[in-house]
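Participant: Okay, handing you the structure first.
Read the figures in this text as sums done on the coordinates, not as results from a lab. The structure displayed is predicted, hence computed values, not measured ones. Here the Cβ positions follow ideal geometry from the backbone for every residue, glycine too, while neighbour counts run over all protein chains shown.
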Amino acid sequence: MTASAAHELIASYRSIKTLPHVVTKLSQLIADNTTTMRDFEEVIKMDPTLVVRLLRLVNSPYYGLSQHIDSIGRAVALVGMKNLYTIAVTDALKHLFEEAATPSIFSRQKLWLHCAAVSICSQMLAERLFGIKGDDAYLCGILHDFGLIVEEQAAEEAFLQICQAYRESGDLPEQEQAVLNTDHSEIGFLITSQWGISLPIRTAIRDHHRLVHDIDPTSLTGILQLAEYLTGQLGYTVLSGTTPKLAPSLQEHIQQNLDEYQVLLDDLPAEMSKASEIYNPAEQ
């Protein structure tokens, strides 16, 4: 793949509603070990609309807080900076996935539901199976396919050609490379750099279709591949009738832990329903 081709697509993506400045600033604060909750609160207050959305979401059943939260300061204290950050990123992205007026083989809403499922599954894998914090895994899931939105809007005709060929071949990056000389993973890696997303998350986005033999299941790349594969078994795919591929080492890992993975798959639909307020693409 060539970064120049990816840069050209990003540059021609004129209709992009870039992530709000406040979210980029929050990315910088999250990466700074000296950040205080007060710093975080002050940045969120820069966007009154985001404040309203965040307070509505932290008071939703998804978070199950015992007391009503009516200020950003209390929300930060009770929910935590990383959780509020992931809410802010999710809310900002949701409005970039609004459906195009003309129906086609590709649906932004279907892609959004795919990303939502992968983000929830990634967090579940990190926390339930591997006993690690799921914040970064969640962000990998919600961001991993944003490059497809760039392709669809910057090179629509070529992108629809790619989607049709993908349905027939089952290899999306291969079709993207043949037509665009880049793929959505590389585009995602580059554009998330502009948004201030941390390098480990960006690297997992770049590598989530690489079927190498030594992927660690507990790495962000491993978790992201596993989540995309598992959610695909439940029909949360980018295009109907397609099946995500999985690295051999991850296939082996699933076979060795089938019971745990079955329980996780059984629980995923309920977790998706629980998070509907956050992921509903029609919500304003």
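Participant: For the stretch 98-279, give the magnitude of the charge dipole about the Cα centre (Cβ charges: +1 Lys/Arg, -1 Asp/Glu; no others), in debye to the nearest 20.
Facilitator: 120 debye
Participant: Using a 7 Å offset from the Cα along the Cα-to-Cβ direction at both I105 and Q194, what is the distance between the two label points in nm, to one decimal?
Facilitator: Calculated label separation equals 2.7 nm.
Participant: What pairs in K82/K245; K82/K274; K110/K245; K245/K274; K94/K274 have C-alpha atoms more than 26 Å from each other? Walk me through the intermediate numbers first.
Facilitator: Details: K82/K245 30 Å; K82/K274 20 Å; K110/K245 19 Å; K245/K274 28 Å; K94/K274 17 Å.
Checking Cα-Cα distances, K82/K245; K245/K274 exceed 26 Å.
Participant: Taking every pair of Cα atoms in the chain, average 1/r, invert it to obtain the Kirkwood radius, and report Rg/Rh to two decimals. Could the numbers behind the result be given before it?
Facilitator: Numbers: Rg = 18.4 Å, Rh = 19.3 Å.
Rounded to two decimals, Rg over Rh is 0.95.
Participant: Under a plain spin-label model, where a point goes 7 Å from the Cα along Cα-to-Cβ, how far apart in nm are H95 and K133?
Facilitator: Placing both labels 7 Å along Cα→Cβ, they lie 2.8 nm apart.
Participant: Rounded, prolate or oblate: which one fits the stretch 190-284, using the alpha carbon gyration tensor with axes a ≥ b ≥ c (rounded when a/c is under 1.5, else prolate when a/b beats b/c, else oblate)?
Facilitator: Numbers: a/c = 1.76, a/b = 1.05, b/c = 1.67.
Because a/c hits 1.5 or more and a/b fails to exceed b/c, the stretch 190-284 counts as oblate.
Participant: Moving on. Would you work out which of M37, L148, V52 lies farthest towards the positive end of the dipole of the stretch 1-155? Charges go on Cβ: Lys and Arg +1, Asp and Glu -1.
Facilitator: Farthest towards the positive end: V52.
Participant: Given axes a ≥ b ≥ c from the Cα gyration tensor, I'd like to know whether the stretch 17-95 is rounded (a/c under 1.5), prolate (a/b larger than b/c) or oblate. Please report the intermediate quantities before stating the final value.
Facilitator: Details: a/c = 1.75, a/b = 1.20, b/c = 1.46.
It is oblate, given that a/c is not under 1.5 and a/b is not larger than b/c.
Participant: Would you kindly give the portion of the calculated P(r) for the stretch 29-185 that falls above 27 Å, as a percent of all Cα pairs? Spell out each step's value before the answer.
Facilitator: Numbers: 4478 of 12246 pairs.
When every Cα pair of the stretch 29-185 is considered, 37 percent fall beyond 27 Å.
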